[in-house]
Every structure is written in structure tokens, then in C-alpha cells.
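The values are calculated or read from the model by the stated rules, or taken from the named source; none is laboratory data. This structure is a prediction, so every number in the text was calculated from the model and none was measured. We place every Cβ from the backbone using ideal geometry, glycine too, and count neighbours over all the protein chains shown. For accessibility, only protein heavy atoms count, side chains too; no ligands or nucleic acids. Shrake-Rupley method; radii C 1.70, N 1.55, O 1.52, S 1.80 Å.
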Amino acid sequence: MDLAYTEEEEAFRAGLRDWLGGALSELPPPPPPDDWPARRAHDTAWQRALYDAGYADVHWDASPTRRLIFLEETEKAGAPYVGANFVGLLHAGPTIAAEGTREQRERWLPRILRGEEIWCQGFSEPDAGSDLASLRTRAVRDGDSYVVTGAKVWTSHAEVADWCELLVRTDPQAPRHRGISWLAMPMDAPGVTVRPLRTLAGSTEFAEVHLDEVRVPVANRVGEENDGWRVTMVTLSFERGTAFVGEVVACRRTLAALARTARENGRWDDAVLRRRLGRLNAEFGALWRLTQWNVSEAEATGGVPGTGGSVFKLRYSHARQELYDTAAEVLGPDALDLSREWTLGRLASLAYTIAAGTSQIQRNIVAERILGLPKER
């Protein structure tokens, strides 16, 4: 498999670098981390700038390789990440582009690309996290609408979202994976209640969402009724396949900063620490190559990432945790200072073996779908 970039792709990279140099110099500083209305305004303004410059379509209209280049270069330049609309740009948008009708694509995709609408994800439930197929949120057909009742949890940025990609059970009598549908629910619909959750780091990017007989038009269903599990696998392939590209670049930059800090504060004299930093450098280098391989595979198979995303997600989650454990060694007693970026990064890293599919689930996917081992009984 060829992992080299073409001349056209390198030209795209050079043009993007030039544009970023000018655009970032005019960008106002980010608002406080927990001011989500202000962060929404900041993030959507940046998305509009990308749209006006012709770069907004990379998340689904461009080739996977161009998407990789875009995420790599914007992260290296210190540009804002997708921020409050990561679900719209990296999960819901690509899913609608791949599985939606023409009317659905025309309705939702331009508004996501222009930064006009924010999406959140309504998948996990209080009793259905890793075992997502056991979800209980019900959707009962009533004419041209579904009447939805239930609860979702760990819903990112729900408090500032306009839409929710929502998994519901439309046929409680069907086998678990066959009675699920994928809906686009307006967050301002009557019966939707959002309750923010405070994380270990003190932030409130997650929320509980309670649904009390919320009416969602049947026209907002993506895919056929009861075929939502297959559509969800498309969503999760994007979530695990390319959504972490920028974070790998960020981790490599953090690793280089750790090495510089260790040299400055004397920790570099510890041979065990040096070996650990060296191994992490090799680890993230390998993860970057795996990302390129996954993108090349997606390009050859129609643009949707495959099960290789689970291999990446599994290894990346643990490598990120080890990176920030190493940061604590480098910082020493200062690792307890919650005002330090690396300390907050360490707290946040604990969620990575849970979010976007737990490591146990990823191991099952690798075992069953890649290695061909028998399914768990």
C-alpha cells in the first residue's frame, strides 16, 4: 500500500499552510473553557472562515487523504479544532453524507459546514453504555412522527446543540441489533430537558438528556426503520477512524515538549524516563503510520473507515494515558497543580479508554471482525 502523498496532495498542503498563516493571525483568542455559548460562537466563526476559504468540505466531500492532511496541518498550526461541533463535522455529517437521502443532505450538511448548526450525540444511556445495543429509549410511530421517550447520558455539548443524532428502539420485539433506528432530533423540541454533568476536571462538556414524548418527524430518520444499527456502525467507523487524527499530532507535539521540559528541570538524567519517552515517540510514530494506512484503506473502499479504526482507537487510548502519566513524572510535585495544561490533560486522558467505545469493546471487534475468532457466548 502506497503511503506517499501525490504532487496534488502536497500542493493542497502548501496552499492550506499559506492560508492558515494569515487566518490565524486575525483570529481572536478563545473564550474561557467552560463558557459554552461563547465557545460555540468562537468555534462556529472559525468554521465559517474555513467555509469561506473553501476548506469546510474536507470532512466528507474531500478524499480521506486530504482530510488527513487538513487535520494534520491545522493541528500543527495551532488552529482551533472542530470544538463544539465535533459531532456534526466528524460523526453526524459524514454519516448523513454516506447514508442520508438527497433531501437530508441538502437540509443539514450546508448548515454544518457553514457553522450555522451544532450537533450532539444521543447514543449512550444510563443502562446502555458499552453494550449500546441494549438501549431502551423508545420511539413509537404516530402518523408522520415518532414519539420518543427515554434518557441519554454523556451527550457532548448538548446545552449548545441544535440537533442530536439519536438512537432509538423502534421495534422492541426484534432482536437487539435489528430494532434500532437513527434519528435527527431537534434539541428545541418540546419534551427535551438537558442537565449538564461536571467532569473530574471541572468542565461541563457532557450532559444528561431526558426525553418526554418528544415528537420527531419520520422524515428525520436516516436509513430505513430498524436499520439504525448498521447506520450506527458507519457513524462509529468515522468516530474511531479519522476523528482522532488531530489528537495524534497534538500528542506528538506534547511529547516533544515533555522532552524539552525534562532537559530543563533535570528529569532527563533518569535513564528509565528517557527510555519511556523514546518508546512513546516510537508508539505515536507507529500510530501516525496506522492512521495513514486506515485512510488509504478508506480511500480504496469508498471513503468509510473500516475496522482498522478499532485497532487504532484501542492502542491510541492507552498510549495517550501513558503519555500523560509520563508528563506527571516530568512535572514531579507540579503534576498536582490543576492550573497546568498537562495535569488537566492527564485527567481527561482517563476517559479515552471509555469514550467512543471502551477498550473491551474494541478488543471484541478486533478479535471477531479482524482475527475471525468465535463470537462471545
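Cβ-Cβ contacts under 8 Å between residues 6 or more apart (or on different chains), taken from a first residue in segment 181-196 that is over 13 Å from Trp163 (Cα atoms) to a second residue that is open to solvent by 10 Å² or more (accessible area, probe 1.4 Å) and aromatic (Phe, Trp, Tyr), are listed as Pro196/Phe206. Among the residues of segment 316-327, the ones that are surrounded by fewer than 18 Cβ atoms within 10 Å (Cβ to Cβ) and within 16 Å of the chain's Cα centre (by Cα) come to 0 in all. The set of residues from segment 132-160 being among the acidic types (Asp, Glu) and under 19 Å from the mean Cα position of the chain (by Cα) comprises just one member, Glu159.
Out of contact with any Lys or Arg (no Cβ under 6 Å at 6 or more places or on another chain) and buried (at least 23 other Cβ atoms within 10 Å of the Cβ): does that describe Thr95? Yes, satisfied.
Residues of segment 60-78 that are modelled with pLDDT of 80 or more and under 25 Å from Ala158 (Cβ atoms): Leu71 alone. Scanning segment 340-358 for residues that are modelled with pLDDT of 70 or more and small (Gly, Ala, Ser) gives Gly345, Ala348, Ser349, Ala351.
For Asp18, the stated conditions do not hold, so it cannot be described as in a helix (DSSP H, G or I), surrounded by 19 or more Cβ atoms within 10 Å (Cβ to Cβ) and acidic (Asp, Glu). All of Ser145, Ser156 fail the test of being among the hydroxyl-bearing types (Ser, Thr, Tyr), closer than 22 Å to Gly100 by Cα and in the same structural domain as Val214 (by the TED database), apart from Ser145. Based on this model, can you work out whether Ala282 counts as of a type in the set (Gly, Ala, Ser), assigned to a helix (DSSP H, G or I), closer than 20 Å to Leu344 by Cβ and modelled with pLDDT of 90 or more? Answer is no for this residue. If you go through segment 328-350, how many residues are open to solvent by 100 Å² or more (accessible area, probe 1.4 Å) and in contact (Cβ under 8 Å) with a residue 60 or more places away in the chain? Qualifying residue count for the region: 1. Within segment 105-122, the set of residues being out of contact with any Cys (no Cβ under 6 Å at 6 or more places or on another chain) and open to solvent by less than 10 Å² (accessible area, probe 1.4 Å) comprises Trp108, Ile112, Ile118, Trp119. Annotation note: of Asp34, Asp57, the sole residue that is modelled with pLDDT under 85, outside any helix (DSSP H, G or I) and in the same structural domain as Ala97 (by the TED database) is Asp34. Taking the criterion of being among the aromatic types (Phe, Trp, Tyr) and either more than 24 Å from the chain's Cα centre (by Cα) or under 24 Å from Ala98 (Cα atoms) (or both), would at least one residue in segment 43-50 satisfy it? Checking segment 43-50: not a single residue is among the aromatic types (Phe, Trp, Tyr) and either more than 24 Å from the chain's Cα centre (by Cα) or under 24 Å from Ala98 (Cα atoms) (or both). Candidates Asp227, Asp325, Asp270: the one that is in contact with a strand residue (DSSP E or B) (Cβ under 9 Å, 6 or more places away or on another chain) and at pLDDT 90 or above is Asp227. Select from segment 114-127 the residues that are at pLDDT below 95, in a loop (DSSP other than H, G, I, E, B) and under 18 Å from the mean Cα position of the chain (by Cα) and list them in ascending order. Once the filter is applied, which keeps residues that are at pLDDT below 95, in a loop (DSSP other than H, G, I, E, B) and under 18 Å from the mean Cα position of the chain (by Cα), segment 114-127 yields Gly115, Phe123, Ser124. Can you tell which of Glu208, Glu224 is open to solvent by 50 Å² or more (accessible area, probe 1.4 Å), touching a Lys or Arg at 6+ places or on another chain (Cβ under 6 Å) and of a type outside the set (S, T, N, Q)? Being open to solvent by 50 Å² or more (accessible area, probe 1.4 Å), touching a Lys or Arg at 6+ places or on another chain (Cβ under 6 Å) and of a type outside the set (S, T, N, Q) holds for just one of Glu208, Glu224, which is Glu208.
Scan segment 128-160 residue by residue and report those that are crowded, with 24+ Cβ neighbours inside 10 Å, touching a residue at least 60 places away in the same chain (Cβ under 8 Å) and assigned to a loop (DSSP other than H, G, I, E, B). Result: His157, single match.
For Gly202, state whether it is surrounded by fewer than 17 Cβ atoms within 10 Å (Cβ to Cβ) and touching a residue at least 12 places away in the same chain (Cβ under 8 Å). Criteria met by Gly202.
If I filter segment 161-202 down to residues being farther than 19 Å from Arg221 by Cα and assigned to a strand (DSSP E or B), which single residue comes out as farthest from the chain's Cα centre (by Cα)? In this case the residue turns out to be Thr193.
Looking at Leu24, Leu71, Leu89, just one residue is touching a Gly at 6+ places or on another chain (Cβ under 6 Å) and outside the structural domain of Ala219 (by the TED database), and that residue is Leu71.
Among the criteria (1) out of contact with any Pro (no Cβ under 6 Å at 6 or more places or on another chain); (2) among the charged types (D, E, K, R); (3) open to solvent by 20 Å² or more (accessible area, probe 1.4 Å), the one Glu165 does not fulfil is (3).
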